[in-house]
Amino acid sequence: MEKDHDRQSHWITLALGMAIQALLAEREGEQRVYVVTEETPPEYHWIHDRWPRLRRLPDKFIAENP
């Protein structure tokens, strides 16, 4: 989900087998997730100037976790 300049929420529909690339960091019992971003595709640039990086999961992982 991304918010535009008017703070309207826009949900991103992911295709089967796609995932948002992120880093889970833990320090002193506290966990944080950092989402990797990249430039927004032109058709969505009106929402925001950055976009979560989407990565395709390996087929083996998709088959084991429907």
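In whole Hz, with x marking every Gly and Pro, tabulate ³J(HN,Hα) for the stretch 31-40 from phi via Karplus 6.51 cos²θ - 1.76 cosθ + 1.60, θ = phi - 60°.
Karplus-based 3J(HN,Hα) across the stretch 31-40 equals 10, 9, 10, 10, 8, 6, 10, 8, 5, 5 Hz.
As a footprinting exposure proxy, order 40, 13 by other Cβ within 10 Å, with the fewest listed first. Please list the in-between numbers first.
Numbers: 40 16, 13 5.
Ascending number of Cβ neighbours within 10 Å: 13, 40.
Do any trypsin sites (Lys or Arg not before Pro) in the stretch 4-58 lie in a loop, going by DSSP, with at most 12 other beta-carbon atoms within 10 Å of their beta carbon, and if so which? Each step should come with its number before you reach the end.
Numbers: sites: 7, 27, 32, 50, 53, 55, 56; in loops: 7, 53.
Listed in order of number, the matching sites are 7.
What are the residues whose amide H is under 5 Å from the amide H of residue 22, where those residues sit 5 or more places off or on another chain and H is modelled from the backbone?
36
Run the dipole for the stretch 2-64 about the Cα centre, Lys and Arg Cβ at +1, Asp and Glu Cβ at -1, nothing else charged, and hand back the magnitude in debye, nearest 20. Can you show the working numbers first?
Numbers: 9 positive and 12 negative charges, 28 e Å.
It works out to roughly 140 debye.
Arrange the following residues from fewest to most other Cβ atoms within 10 Å of their Cβ: 6, 59.
Values: 6 5, 59 9.
The most exposed by this proxy come first: 6, 59.
Once phi is turned into ³J(HN,Hα) by the Karplus curve 6.51 cos²θ - 1.76 cosθ + 1.60 with θ = phi - 60°, what whole-Hz value does each residue of the stretch 7-23 show in order, with x for glycine and proline?
6, 7, 7, 10, 8, 9, 8, 9, 6, 3, x, 9, 9, 7, 6, 8, 10
Please report 34, 44 as a ranked list, fewest other C-beta atoms within 10 angstrom at the top and most at the bottom.
Working: 34 10, 44 13.
Listing 34, 44 from fewest to most nearby Cβ atoms yields 34, 44.
Values quoted throughout were computed directly from the atomic coordinates according to the rules given, and no laboratory measurement underlies them. Only a predicted model underlies this, so the values are computations on that prediction, with no experimental measurement involved. When we count neighbours, we look across all protein chains shown, and the Cβ atoms used for this are built from the backbone with ideal geometry, even at glycine.
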